[in-house]
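A.B. asks: Here's a structure for you.
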Amino acid sequence: MRMESIQNTNQAPTVFRRRRSAAIESKVIKWVLFGCALISVLTTVGIVFSLFSQAASFFFEVSIWDFLTGTRWTPILKPQAFGVLPLVAGTLLVAGIAAAVALPTGLSTAIFLAEYAPGKVRRIVKPTLEVLAGVPTVVYGYFALTFVTPILKGIFPDMLVFNALSAGLVMGIMIIPMVSSLSEDAMVAVPRSLRNAAFALGATRFEVSLRVVVPAALSGIVASFILAISRAIGETMLVTIAAGATPKLTANPLESIQTMTAFIVQLSLGEVPHESLEFDTIFAVGSLLFLMTLAMNLLGFWVVRRWRQTY
C-alpha cells in the first residue's frame with residue numbers, strides 16, 4: 001500500500017504537466033488557425049477595398065449608367081468612350097462557346113467514369129484528364145492560335161486570325177477536367193442502394209445513369225457547371241493571345257473581339273500613366289468582372305444548398 005501511494009504521488013505531477021501541456025498546445029493551435037483565417041479574410045478585404053477605391057475615382061468622372069450601357073469602348077483613343085458592353089459581350093461570347101464544349105463533354109465523361117468505366121480504365125483516364133488542368137493557359141493560347149485557328153480557317157475562309165471561336169473551343173477543352181472531376185465526385189457519392197433499386201425494377205444502366213444518378217447528384221453537377229463558367233469568364237492569357245484586342249459588340253464568333261481580362265492585360269503593360277482616367281478603367285472593368293464572378297459563385301452556393309441531398 002505504501003509503495004502504491006508513492007507511485008501515485010509521483011505520477012500526479014506528470015499527469016498534471018501533460019494536461020497543462022495539452023491545454024497550452026490546444027490554445028496555440030487555435031490561435032494559429034485563427035490567424036491564418038484572419039489573414040485570408042483581411043487579404044480579401046484589402047483586395048476588394050483597393051479595387052473599388054480605385055474604381056470610385058473613375059466613376060467620379062464617368063457615370064455608371066454610361067459605363068454599363070455604352071456600346072463603344074475606346075478609353076485610350078480620341079474621342080474617348082467608356083461603354084463596357086463590347087468587353088462584356090466578348091467575355092460572354094467566349095465563355096458561352098467554352099460552356100457549349102465543356103459542359104456536355106465533361107458531364108458525359110463523368111457519367112462514363114462513374115458508371116461505366118472499369119477500375120483500371122478509371123485509374124488511367126481520370127489522371128490523364130486532370131493533366132489538362134495543369135497545362136499553363138499561355139500554352140493553350142498559342143495552341144489555339146497556331147493549331148486550331150488554321151484548321152478553322154479551312155472551314156470558315158472569312159474568319160480572322162484572332163477570333164472568339166478558336167479561343168472559346170480551346171477554353172472549353174481547358175475546363176473539361178473541372179466539370180468532369182467535380183461531377184464524377186458528386187455521382188460517386190450517390191449511394192449504391194439507389195442504383196440497385198433501379199436495377200431491381202428493370203432499368204438499364206443508361207436509364208439508371210440519367211434518371212437516377214444524375215438527378216441525385218444534380219446539386220454537385222450544377223455547381224461544377226457554374227464554377228467552370230466562372231473559370232472561363234475570368235480566364236486571361238488564352239483570350240489575350242487568341243481572341244484579339246478589338247472591343248466590338250458582336251455575336252459573330254468568327255470576328256476578333258476583346259474580353260474584360262484581355263483589356264486589363266493590355267492596359268497594364270505600362271503604356272498608360274498612373275493616376276489617369278485611362279488607368280482607372282482597369283479597376284472599373286476589374287470591379288465589374290469581380291461582381292460577375294461573385295454572382296456566379298453565389299448562384300453556385302445557392303444551387304448546392306437548394307438541391308443538395310444528404311445520404
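Every read-out reported here was derived from the displayed coordinates using simple, explicitly stated rules and does not represent laboratory data. Predicted, not measured: the structure shown is a model, and the values here were computed from it. Reconstructed Cβ throughout: ideal geometry from the backbone, glycine too, with neighbour counts over all protein chains shown.
A.B. asks: I need to check one value: relative contact order of the chain, counting alpha carbon pairs closer than 8 Å and at least 6 residues apart, in percent.
C.D. replies: 25 percent.
A.B. asks: Here's a follow-up. Could you calculate the contour length gain from residue 57 to residue 294, that is, 0.36 nm times the residue separation minus the distance between their Cα atoms, to one decimal place in nm?
C.D. replies: 83.1 nm
A.B. asks: If I fit a long axis through the Cα atoms of helix 277-307 and take the longest principal axis of the Cα atoms of the chain, what angle between them do I get, 0 to 90°, rounded to 10?
C.D. replies: In the chain, helix 277-307 runs at an angle near 50 degrees to the longest axis.
A.B. asks: Against the globular-protein guess of 2.2 N^0.38 Å, express the Cα radius of gyration of the chain as a ratio, rounded to two decimals.
C.D. replies: Values: Rg = 26.8 Å, N = 311, 2.2 N^0.38 = 19.5 Å.
This ratio for the chain stands at 1.38.
A.B. asks: If you don't mind, another one. Within a Cβ distance under 13 Å of residue 174, other residues only, what is the Lys/Arg minus Asp/Glu net charge? Display every interim value, and only then the final one.
C.D. replies: Values: positive: 231; negative: 130, 235.
Around residue 174, the surrounding residues sum to -1.
A.B. asks: OK, next. How do 47, 176, 257, 264 line up, fewest other C-beta atoms within 10 Å first? Display every interim value, and only then the final one.
C.D. replies: Details: 47 12, 176 24, 257 29, 264 18.
Lowest count first: 47, 264, 176, 257.
A.B. asks: To continue, here is another question. Helix-derived [θ] at 222 nm for the chain: sum -39500 (n - 2.57) over DSSP H runs of at least 4, divide by residue count, nearest 500?
C.D. replies: -23500 deg cm²/dmol
A.B. asks: Exposed loop sites here are GluC sites (Glu not before Pro) in DSSP loop states with at most 10 other C-beta atoms within 10 Å. What is the longest stretch of the chain lacking them?
C.D. replies: With GluC sites (Glu not before Pro) excluded where exposed in loops, the chain gives 62-270 as its longest stretch.
A.B. asks: Rounded to the nearest 10 degrees, what's the angle between the helix 2-59 long axis and the longest principal axis of the chain, both from Cα atoms, 0 to 90?
C.D. replies: Between helix and principal axis, roughly 10 degrees.
A.B. asks: Would you mind calculating the gained length between residue 192 and residue 28 on full extension (0.36 nm times residue separation, minus the Cα-Cα distance), in nm to one decimal?
C.D. replies: 54.8 nm
A.B. asks: Rounded to the nearest angstrom and ordered from largest down, what semi-axes does the equivalent ellipsoid of the stretch 217-311 get from its C-alpha gyration tensor (root of 5λ)?
C.D. replies: 33, 17, 10
A.B. asks: Moving on to the next point. Tell me the Kirkwood hydrodynamic radius of the stretch 102-224 in angstroms, computed as one over the mean inverse distance between distinct C-alpha pairs.
C.D. replies: 16.2 Å
A.B. asks: Taking the radius of gyration and the Kirkwood hydrodynamic radius from Cα positions alone, what is the Rg/Rh ratio for the stretch 25-94, to two decimal places?
C.D. replies: 1.31
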